1. On a full-extension model of 0.36 nm per residue, what is the gain between Phe67 and Ser152, subtracting their alpha-carbon distance, rounded to one decimal in nm?
2. With a point put 7 Å past each Cα toward its Cβ, work out how far Ile108 is from Leu129 in nm, to one decimal.
3. Which whole-number percentage describes the relative contact order of the chain, with Cα contacts under 8 Å and a sequence gap of 6 or more?
4. Using +1 at the C-beta of Lys and Arg and -1 at the C-beta of Asp and Glu, which of Ala35, Pro141, Phe69 has the Cα lying farthest in the positive direction of the dipole of the range 2-171?
5. Determine the dipole magnitude for the range 2-171: charges of +1 sit on the beta-carbon of Lys and Arg, -1 on that of Asp and Glu, nothing else is charged, the reference point is the Cα centre, and the result goes in debye to the nearest 20.
6. So for each of 18-25, 98-105 I average, over its residues, the number of other beta carbons within 10 Å; can you give me the resulting order with the highest mean first?
7. Under the rule a/c < 1.5 gives rounded, and otherwise a/b versus b/c splits prolate from oblate, where does the chain land using the Cα gyration tensor?
8. Tally Lys and Arg at +1 and Asp and Glu at -1 over the other residues with C-beta under 13 Å from the C-beta of Ala114: what net charge comes out?
Amino acid sequence: MNLEFRAVMVLAVAFVAVAFDVRTRRIPNWLTFGAALAGFGYAGSIGGWPALGTAAAGWLAGAALFFPFFALGGMGAGDVKLLAAMGAWLGPAESVWVAMFAGAAGGILGLAVALARGYLRTAVTNLWLMVMHWRTRGLEPVPGLTLKDGTSPRLAYAIPITIGVMCTLWRR
C-alpha cells in the first residue's frame, strides 16, 4: 500500500508539473516545495526518523543530480526542484533512476524537437561549441547558449521527468 500511495502522489505531482511547464514554461514553487514537504511528512509518519532521513537523502540526490545542468544554464530551477521533490517521495536510489530515464527521454525528445523545427544542424554545432568552450575555459555557462540568452527551441523538461518517473515506477 505504501508504494502504491507514493506512486500515485509522484505521478499526480509530475502531471501537474507538466501542465504548468507546457503552458507557462515554469513549474511553480508551491508545487515543488509543497510536494517535497508532503513527501517528508509522509515518510516521517510511516517510518519515523529513518524514513525521514531517506526522504531527505532522496531530496538531496534529486537536487544534486540536475543542479549542474542548472548551473551551466541549460536547465531551469523548477526542473531541479521537481526532481528533488520526486526524490523526497521515492528516496535516493529511485532519484538516480528517475534522472537517468529523464535524461534518456530528454535526449530523445530534444532530438525530435530539433528535427521538427529544422534545428538539428544548429543544435549539433552548439553542442560542439559548448564542448570546446568547456575544454578551453572550464565548466561555465556558454554565452549565447543558455536558457536566459539562447534562442533555440525549448523543451518543457517536466515531460522527460514525468517519463522518468513512470519508467522508474514501472521497473519496480
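1. Numbers: separation 85, 0.36 × 85 = 30.60 nm, distance 2.09 nm.
Roughly 28.5 nm would be gained on extension.
2. That separation, rounded to one decimal, is 2.9 nm.
3. On the way: 225 pairs, mean separation 49.3, N = 172.
Over the chain, the number comes to 29 percent.
4. Pro141
5. Numbers: 12 positive and 6 negative charges, 90 e Å.
Its charge dipole is roughly 440 debye.
6. Values: 18-25: 15.0, 98-105: 20.8.
Top to bottom by mean Cβ count within 10 Å: 98-105, 18-25.
7. Numbers: a/c = 2.28, a/b = 1.86, b/c = 1.22.
Cα axes put the chain in the prolate bin.
8. Numbers: positive: Arg117, Arg121, Arg154; negative: none.
Here the charged neighbours net out to +3.
Read the figures in this text as sums done on the coordinates, not as results from a lab. None of these values were measured; they are calculated from a predicted model. Counting neighbours? That spans all protein chains shown, and the Cβs are built from the backbone with ideal geometry, glycine included.
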